[in-house]
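Novice: Submitted below is the structure of interest, expressed as structure tokens.
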Amino acid sequence: MFQHFKNIDTAFNHIKRFSYLFLVLCTLLVGFCIYKSYQLVDRAQNRVHILYNGKVLEALASDRKTNLPVELRDHIKVFHEDFFTLVPDDKQIAGTIGKALYLADGSAKTAYDNLREAGYFNNLVSGNISQQVTVDSIRLDLDHYPYGFTCYATEKLVRSTSTTMRNLVTAGKVSDLKTETDNNPHGFLIQGWQILQNADEGVKGIAP
């Protein structure tokens with residue numbers, strides 16, 4: 001009789017162990033299913049559909065962090081092109097610099113006011129000088145936020161008799177506004193912007 005109870009107790013222990021093992025396996029299975037479900041949802045959210053010529057095309061939406069250096073450089077490049085590429089026309093100067101000011105904080109407005117008070121833009125108009133800027137390179141510091149940058153560019157001032165080349169170096173930081181607008185499509189804001197160098201490199205005469 002005691003042997004019979006012992007067998008029952010042994011069987012009960014086996015069933016109990018099996019139940020625990022089954023419970024653990026079920027928990028792992030449910031966890032795996034939830035994980036895969038989140039993966040599928042994430043993949044679905046990263047797929048976008050584009051209507052092109054009446055056809056629906058599927059494309060993958062990339063994570064912004066992947067394109068962050070590219071977007072930062074483009075934001076900085078567009079700002080410098082709008083701020084420094086000018087023609088001898090008051091309305092054009094006000095228009096392009098106005099576009100640039102949407103991409104930066106008050107430090108850019110201060111730089112603009114200082115140049116205007118110094119008569120810089122009046123000299124461009126009165127001297128019939130066209131100013132063009134080419135961004136050569138942009139160095140980013142992505143290890144710290146806001147992201148620091150140094151921009152190296154070349155300015156070309158074209159007069160009727162000569163062309164002056166200038167080395168332009170600026171620096172600042174870029175913060176993420178988390179919101180894109182028509183005037184600021186990348187949703188970044190340049191802060192603490194300053195011109196470190198804007199020196200003549202050389203003058204080339206234009207033949208008559």
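Novice: Scan the stretch 63-78 and report the pairs whose first residue is closer than 16 Å to residue 181 by Cβ and acidic (Asp, Glu) and whose second residue is crowded, with 17+ Cβ neighbours inside 10 Å and at pLDDT 95 or above, with Cβ atoms within less than 9 Å and a gap of 6+ or a chain change.
Specialist: Every condition considered, the pairs that remain are 71/188.
Novice: Six or more apart or on different chains, Cβ atoms under 6 Å: show the pairs whose first residue is in the stretch 98-120 and over 13 Å from residue 172 (Cα atoms) and whose second is part of a loop (DSSP other than H, G, I, E, B).
Specialist: The qualifying pairs are 102/183; 102/184.
Novice: For residue 140, indicate whether it is of a type outside the set (D, E, K, R), surrounded by 10 or more Cβ atoms within 10 Å (Cβ to Cβ), modelled with pLDDT under 95 and farther than 30 Å from residue 160 by Cα.
Specialist: No; evaluated as a whole, the condition is false for this residue.
Novice: Would you mind finding the one in 154, 170 that is surrounded by 15 or more Cβ atoms within 10 Å (Cβ to Cβ), outside any helix (DSSP H, G or I) and touching a residue at least 40 places away in the same chain (Cβ under 8 Å)?
Specialist: 170
Novice: Please go through (1) out of contact with any Lys or Arg (no Cβ under 9 Å at 6 or more places or on another chain); (2) under 22 Å from residue 107 (Cβ atoms) for residue 158 and return the number of the only condition it doesn't satisfy.
Specialist: Unmet for residue 158, out of (1) out of contact with any Lys or Arg (no Cβ under 9 Å at 6 or more places or on another chain); (2) under 22 Å from residue 107 (Cβ atoms): (2).
The values are calculated or read from the model by the stated rules, or taken from the named source; none is laboratory data. Every value quoted in this text rests on a predicted model; they were computed, and no experiment measured them. All Cβ positions, glycine included, derive from the backbone under ideal geometry; neighbour counts span all protein chains shown.
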